[in-house]
Structures are given as structure tokens and as C-alpha cells.
Number of protein chains: 2
Amino acid sequence: MSNAAFTRLPGFRDFVPEDLAVRSHIFEAWRRVSRRYGFQEYDGPPLETLELYVEKSGEEIVSQLYNFTDKGDREVSLRPEMTPSLARILADRSRALPKPIRWFSIPQLFRYERQQRGRLREHFQWNVDVVGESEVGADAEILAVALDALRELGLGPEAIRARVSDRRLLSALLQTAGVPEDRLLAAYAVIDKVEREPPEKTLERLQDEAGVTPAQAGEILALFQNPGLDRVADRFGDQEAVAAEVERLRDYFSILEAMELGDFVEFDLTIVRGLAYYTGIVFEIFDRAGELRAICGGGRYDRLLERVGGESLPAVGFGMGDVVLTELLRERALLPDLGRELDYFVVSVGDEARRRALQLAHRLREQGARVAYSLRGQGVRKQFKSAESEGAREVIVLGPEELSQGIARVRDMTSGEEREVQLEELERGP
Amino acid sequence: MSNAAFTRLPGFRDFVPEDLAVRSHIFEAWRRVSRRYGFQEYDGPPLETLELYVEKSGEEIVSQLYNFTDKGDREVSLRPEMTPSLARILADRSRALPKPIRWFSIPQLFRYERQQRGRLREHFQWNVDVVGESEVGADAEILAVALDALRELGLGPEAIRARVSDRRLLSALLQTAGVPEDRLLAAYAVIDKVEREPPEKTLERLQDEAGVTPAQAGEILALFQNPGLDRVADRFGDQEAVAAEVERLRDYFSILEAMELGDFVEFDLTIVRGLAYYTGIVFEIFDRAGELRAICGGGRYDRLLERVGGESLPAVGFGMGDVVLTELLRERALLPDLGRELDYFVVSVGDEARRRALQLAHRLREQGARVAYSLRGQGVRKQFKSAESEGAREVIVLGPEELSQGIARVRDMTSGEEREVQLEELERGP
């Protein structure tokens, strides 16, 4: 028997009860809101074949995965994201399901990222997807679910905002401004950095990487410096491709207005997200102070399902992680008091009272009450101390005298008031 | 873009919504009962250092693990059980916590077992532990939690039974019957098989492996063929070591009697469980028909915490898996109807009514109602069809006429009855 101190792996978290209570608080809001929108929960295995992730994200992803060869010589990986599992599950089943499919899940996800301060290798992520609906109503519904969960947790439009763009609009604009089709992905990559790089750098990169002239680069940059959907419409609305996309986005915003979520949402062409994956409206939700990474990101991905061998189905969804969200809730003091709670602690004196106390406790639990007591014979004072440290609202005292009268004394631990209650009455419940 | 069909790894499960609903039904009962007993939920990482498991179970365990070398050259393993993580977490913290510590968790666990029909490589396991209490009250409390959760799920004493033994009693009996101390583990291994092997085989193995005479082997075998705590007391009660253990077990059973759980419990010396780990009372819960593997197993393990570098603390706990339990509940038709549920499906006619319908839906959700609607403009008939396939209790119809009167028509989808309701009244909620 060694006596080594064992340690947790770097980048992983323990959830002691205080931490688990915070996690449950968030998970419960996620589940509650999902159900209010008629979504159903599903789950997949935390371990999948490596090829499932390579198919979606390319070989580059492998360096960031917890992948290994299992004892049956299979190349496997801990799941870095949920959507490939969703696509795999639906590939088998979607034909038999009524559309649209509204599913959600709360998987734990894993990435072997270079260890940085506060950078984790696992997190939990709420995944919500509508599959089988190409209309913009599904895009709006998905963002509404995300925003409503954040509202449910106390984050209003003063605290967070959703920045929305559309890949189809961006592509139409860039092509109108002179970007050749085969340079679109390169142009997206430049735009993804437009907020973090100086304008000169962006102009230079647009010419070098997206193959446009200096004048065209200037026109593209102007789009991002002074965006607004109206301005886009004014400047490029005569282009048929652009006009159709503007129209769709206007529908999208008007649906969110009707749902009284308009204050959360703004049009922002700089939101690009994963390069090869999204095919329509994309969004990210940030804290207004702009101090944290994105709380949530998602969008439309109409081509994934067929790539993993399924039916060709349009899809839109998002992922919201627990880490940034917990930081924000803590920072804004939006985590309720999640201490331990006990309805009753039963204190007994003597063997006979102890037996009766066990019976009483059991009957109170049958009514749904949270009840504890000392697990060994102890003096009354020690029992009261335990009642306090366990956070009991009330203490029930049962001794030989109470027993002979068929009563118990019940003390309110906040007010200190004590009353006598018939045992039978206590057991019958409210 | 390939079009390969991707497959799930063997031994892993997908949880489509019907399956997830069953899983949640069980998890919720586990959580509810844990809280009624004053237990607090915790969690640890699904990936730990390999040495943590080797320390508890020896090198032999490695062949059954999902272990690998990570990209930082660490030997790691998916968790095959929860107790080592609990011990690791408490090693750091237990000194600061009031005793006894009552914690529970519902981890997913992984074993690379040879693939057999229906044999899984992952399962979920409810883990419940009391740490820091050596008295028998803690042992009884732990079994009571397990039994109450099964009662909560509909399994009464006619369906299941807990078989209880005690390592200390068994050791005292075997030593009294002539087994040398250094052969105790070998004798446990024989007894563990006593139900599945013919008596002659047991007699032979006791002589060969536990080092006793034919007469002693016969005496030991008789203990298991006709057990009963009274018989043990009659035959061996004059031995001080045995008498003390019998007394403790009597206390244990009388506590469970007081909690009105006596009908579930029987003394059964053949219950041995993990060889080197348990130190006191051990138990397993089975279906009465005896057709399935154990539903639950646990017991006292007083020496684990110090082995992983923590305080020396007594501990007692159990694990209850989801697989056998789900089988039993399904077999006994104890899974409630877990189909999809929606309070309202909102049907709208025309653009203006659609906008108003979105607002209405949003306000109903704020009251906690589960609400859906078509995500694209559709005819009334199609919308009603969706309402049906989504399992809506009521359909709210909103058209231009209703809108002009400030009302909605609400149809009960079971009775088919329809009534008119003021929109404002609907939105104010009950």
C-alpha cells in the first residue's frame, strides 16, 4: 500500500457539491427552455471512431483530439463536438422521423489543446438543432432558444448580444465586390480577423489572399467598418443575389422582433465561424462588455448529414458551453445561493426514540421531504450541531417523554421557535 | 466528400429521445431519493491517471481498461469506476468537511471487456457513499437509499431482495472453522462461487485452496447451505469474535426494520464481492426471480482513502448501474409512458396572425408552457398534422378574424372540443 498523493489530469475539473450545484443550475435552465420549445433530449457515446471527426473537419483536427488506438485496433477519439454524432445517429433514423426534428443534448466534450492558464481540455456544451427545415423560421427559432435560456439565467439584452451574419449574403457581397469564387474561403479567413487586425493589414491580405484590386479591397473593408443591413441594401441591393439574401435576413430579424427578442440581436458581417461547414445564417452571442470569449455560436449547416451517409437534410443549430457562461454568471452575481438544503434533521434521545425517529424519517421522505439524522448514537448537543452544519430548516426532537405523548417538538432553525406537533400529523404530511 | 456510412463503436449506446427519456426517468429517481437522504451530488473527470486504478485494483485491472498514452505522454484511462476519483477528491478536501460526508454521483463508466452479446463497454452508475462514519447506522443508511430508489421506481419487496453479509463475520467464522488467516482471501474466492458449483467441488476447493481438513470443509459448507443469522449465533455464538459481529448485524437489520425496509433484506453469507477491497458489511440487490445479474452492490471499505494519500476515514457505499435496472423495469412494465409532450401547438393563418402567434408562443413559454408551431408558412391542415405528430395537448388557432376580436380558438386534441379564449387571458396564464 503506497501512500502517494494522486492528482487530477491537467485541464480537467472536479465538481465538488458547490460546483456541481452551479452546473446543475445551468443544465436545468438549458433543459427547461429546450422543452418549452418542444425539443427532445438525446445523447451519443463519448467515444466515436476517429474517421467521423476527420470526415467533418479534415485531418488537421487530429492534432487537437484525444484519439488513440483501442484494444481491438480501432482508431477512436473522445468526442470533441456533438454534431458528428448527431449526424451519424440521424443518418440511420431520419427517414422514419417526422420533420422538422428538434433535438438537444448536453454532452461533455474533449480537446487536447495546448495547456494554457484557465484553458480546459473538457467542457459541457448544450447542443440544440432543428433538422429538416430550410426556411428562415428555423434559423430564428434556434437563436430564440439560445437567447431565452440566457434570459432564464438572468442575462438580459443589457448583458449580452447576438451578432448575426449570413454566409450566403457574405458570399454574394464578396463576389459582387470582385472576389473570385475559388477565393471565397480565403476571404472569409481574412474577414474573421477584421476586428483584431489593423485596416492596412486587412487591405493587404484581401489583395494577397482574396485576389482583389486595392479599390475592391477598400470597398470590402468599408462594408465591415460601417455595416448595417440597410446600408448593404442601399449599396448592393440592385444585385439580385444580394437582394434575396437581404430579404431573408429581414424576415429573420422580424421573427425575432415578434418574439420580443429584437433587443438582443444585431447584424454583423464580421461573424464568419467555422470555414467549410456553415452554409447560411451564422451567429455568436457575446457579453456586451466584450471581455469574454463567445458564450454561444451556431448557424445553418445544410450539407453535413449527407456527408456521413444520411439523407440530404437542411439543418441549423448551436453549441453553448458551460465555462464562459459560468464565468459571466459569477461575474454578474447571477448564481443563486446554492448551499445545501435539508427540510428536517431528526434528533432522538434513547434507543426506543431512535427507532421511532427512523420510522418517522422514512415516512417524511416518502412525502418527498429531505431528511437526515445522526448515523450513530450521540448526545443532543452534537446532534443539533450536525443539524446546523447540514443546513436543516427544522429540527424534530423525539425523546422518551415526547414518545409517551405521541408528539414531537419541532424547532425552526432560523427563528429558534419551537412547537409541539402530533407524530401522526407529521407523518400524514401537509 | 465521401458518402460512407459511419458506425457506432461496439459496446456503446446511442440514446435517441425514447431511450433518453427512460434514462432520465431513472436518473431523476436516483437524484430525488439521494436528496431526500441529504446527499449532495458531485462529479469527477471521465479520464484519470492510470495509476489511480492500478493502486486500487492491482495491475490485473489494466487489461480491462480503456487506457492509453495521451499526447503529453501521460498514462491515462477512461474511468472504470467512480470510487477512486471520490477517494482522490476527498484526499484533498476531507479534513475541511464536516463528517459524515454524504455524496452521490451518476458517472458514465467504461470497461474494455471482451465483446459478448448484450455486454456493454459503458454504463451509467449511481454511486452513493457515506464517508467518515464507522457505525453500523451508516451501513444501514446506504442500503436504505438503494432500496428506496428502487421502491420509487416501482420495485417492491415482491420484486427485489437485498442479500447481506459481513466480511468480518465471515472471516471470524472461517477462522473458527480452521481456515488460516493467510488463506482467507482464497476461501472467499471459493465461497463466492458456492451457489454456482456442486457441493463436492466446493468441499474439494476448500481443502485444496483454503487449507482445511475434510471435516472442517464440511462444517464450512453447511454454513452456506443452511444459513440464517440465528443458526450462526447458535452454532458459533460462544466465540467472542463471532458474537460481536452477529450483534452488529442484528443492529443493522433492526435499523432497516425500523425504516420499514425489513421485507427487502436477508442475511446471506454467500455474498462476498470484490476480494481485497471490502472490510465489513457487504450487500447485493437482485430481482427475486433471479434471472438477471445484480442490480446493485456495495459495502464498507474502510481503507481506501488512506491508500490514495488521504486521511484515514471509514467509508461505505454502493454502485447501481442503469443496464440491469432498465431491463428489469421494462420486463415488469414499470416504465411509464414517456412519449413526447407539448402543451400547445400554435396554428396561424396569414402573416399578421403569424407574428402575433410568435409573440403569444413566447409569452406562454415564459409561463413555463411547452409550445411549438410550424417553422414555415403552411396550410392549416398541415399545421394540425404537425400538432398531432408532436403530441400537443391543445392547439391554439389564430387567424385574421380571431385577431380582429382579440381572441384565439383553443382545441383540446383529446376531446376535440373547441373554445374561444381572450388572447390577453391566455397570455396572463393561469
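Averaging the Cα positions of each part gives two centres, and for region B:257-285 and region A:212-265 these lie 69 Å apart. Between this copy and the others, label points of B:Arg231 are 9.1 nm apart in ascending order, each placed 7 angstrom from Cα in the Cβ direction. Farthest toward the positive end of the dipole of the protein assembly as shown, out of A:Gly297, B:Ala159, A:Val421, is the Cα of A:Gly297, where the dipole comes from beta carbon charges about the Cα centre. Taking every Cα-Cα distance in region A:263-371 and sorting them into 10 Å bins starting at zero, the pair-distance distribution P(r) comes out as 11, 24, 17, 13, 14, 12, 7, 1 percent.
Under the combined filter of DSSP loop state and at most 12 neighbouring Cβ atoms within 10 Å, region B:78-160 retains these trypsin sites (Lys or Arg not before Pro): B:Arg114, B:Arg117, B:Arg119. The residue of chain B whose Cβ sits closest to the rotation axis that maps B onto A, together with that distance in whole Å, is B:Phe68, 2.
Dipole orientation for chain B: of the candidates B:Leu325, B:Tyr188, B:Gly310, B:Leu325 has the Cα lying most toward the positive pole (charges on Cβ; Lys, Arg +1; Asp, Glu -1). Backbone phi angles across region B:69-82, fed through the Karplus curve with coefficients 6.51, -1.76 and 1.60 (θ = phi - 60°), yield HN-Hα couplings of 9, 7, 5, x, 6, 8, 7, 10, 8, 4, 5, x, 7, 9 Hz in residue order; Gly and Pro are listed as x. Across region B:15-144, Cα-Cα pairs more than 26 Å apart make up 33 percent of the total. Rounded to the nearest whole Hz, the Karplus-based 3J(HN,Hα) values (6.51 cos²θ - 1.76 cosθ + 1.60, θ = phi - 60°) of region B:231-244 follow the sequence 4, 4, 5, 4, 7, 10, x, 6, 7, 4, 4, 5, 4, 4, with x at glycine and proline. Put simply, region A:53-211 fits an ellipsoid with semi-axes of 30, 25, 20 Å; these come from the alpha carbon gyration tensor as the roots of five times its eigenvalues, largest first. A point 7 Å from Cα along Cα→Cβ stands in for A:Arg293, and the other copies hold the same point at 3.9 nm, listed in rising order. Relative to the longest principal axis of the Cα atoms of chain A, the long axis of helix A:136-152 lies at roughly 40 degrees. By the count of neighbouring beta-carbon atoms within 10 Å, fewest first, A:Leu325, B:Leu338 end up ordered B:Leu338, A:Leu325.
Computed with the Debye formula from one identical point scatterer per Cα of region B:307-414, without solvent, the log10 of I(q)/I(0) at q = 0.12, 0.17, 0.19 Å⁻¹ comes to -0.56, -0.81, -0.93.
Taking the longest Cα principal axis of chain B as reference, the axis of helix B:322-331 is set at about 70 degrees. For the protein assembly as shown, the tally of Lys pairs with Cα-Cα distances below 21 Å comes to 7, considering only residues 8 or more apart or on different chains. Here chain A is assigned +1 on the Cβ of each Lys and Arg and -1 on the Cβ of each Asp and Glu. Its dipole about the Cα centre then comes out at about 1480 debye.
Of the residues A:Thr83, A:Val212, B:Gln108, the one whose Cα sits farthest towards the positive end of the charge dipole of the protein assembly as shown is A:Val212 (charges of +1 on Lys and Arg Cβ, -1 on Asp and Glu Cβ, taken about the Cα centre).
Helix-derived [θ] at 222 nm for chain A: sum -39500 (n - 2.57) over DSSP H runs of at least 4, divide by residue count, nearest 500? Provide the component values of the computation, followed by the final result.
Numbers: 16 runs with 178 residues, N = 430.
Here the helix-only value at 222 nm equals -12500 deg cm²/dmol.
As an exercise, identify the trypsin sites (Lys or Arg not before Pro) in region B:177-251 lying in DSSP coil whose Cβ has no more than 14 other Cβ atoms within 10 Å.
Values: sites: B:Arg183, B:Lys193, B:Arg196, B:Lys201, B:Arg205, B:Arg231, B:Arg235, B:Arg248, B:Arg250; in loops: B:Lys193, B:Arg196.
Listed in order of number, the matching sites are B:Lys193, B:Arg196.
Could you work out the relative contact order of chain A, using alpha carbon pairs under 8 angstrom and six or more residues apart, expressed as a whole percent? Don't skip to the end; give the middle numbers.
On the way: 673 pairs, mean separation 66.1, N = 430.
Over chain A, the number comes to 15 percent.
Placing a label point 7 Å from Cα along the Cα-to-Cβ direction at A:Glu417 gives distances to the equivalent points in the other copies of 4.3 nm, listed shortest first. Which distance in Å, rounded to a whole number, links the C-alpha centroids of region B:339-398 and region A:124-187? If you average the Cα positions of each part, the centres end up 24 Å apart. Is region B:158-215 rounded, prolate or oblate when judged by the Cα gyration tensor, a ≥ b ≥ c being the square roots of its eigenvalues, rounded requiring a/c under 1.5 and prolate requiring a/b larger than b/c? Oblate shape, in that a/c is at least 1.5 and b/c is the bigger or equal ratio.
Shape analysis of chain A yields a ratio of the Cα radius of gyration to the Kirkwood radius, Rg/Rh, of 1.11. Each residue of region B:35-49 is assigned a 3J(HN,Hα), and the resulting list reads 5, 4, 8, x, 8, 10, 7, 9, 8, x, x, x, 10, 9, 5 Hz, derived from the Karplus form 6.51 cos²θ - 1.76 cosθ + 1.60 (θ = phi - 60°), x at Gly and Pro. If you take the Cα centroid of region B:293-319 and the Cα centroid of region A:40-70, the two points sit 35 Å apart.
P(r) tail for the protein assembly as shown, what percent of Cα pairs lie past 56 Å?
On the way: 73192 of 369370 pairs.
When all Cα pairs of the protein assembly as shown are counted, 20 percent exceed 56 Å.
Only Lys, Arg, Asp and Glu count, each charged at its Cβ (+1, +1, -1, -1), so figure out the dipole size of region A:190-246 about its Cα centre, rounded to 20 debye. Could the numbers behind the result be given before it?
Numbers: 6 positive and 13 negative charges, 32 e Å.
With Lys and Arg at +1 and Asp and Glu at -1, about 160 debye.
No lab work stands behind these numbers, since they all come straight from the coordinates. Fair warning: this is a prediction, and the values are worked out from it, not measured in the lab. A quick note on method: Cβ atoms are made from the backbone with ideal geometry, for glycine too, and the neighbour counts reach across all protein chains shown.
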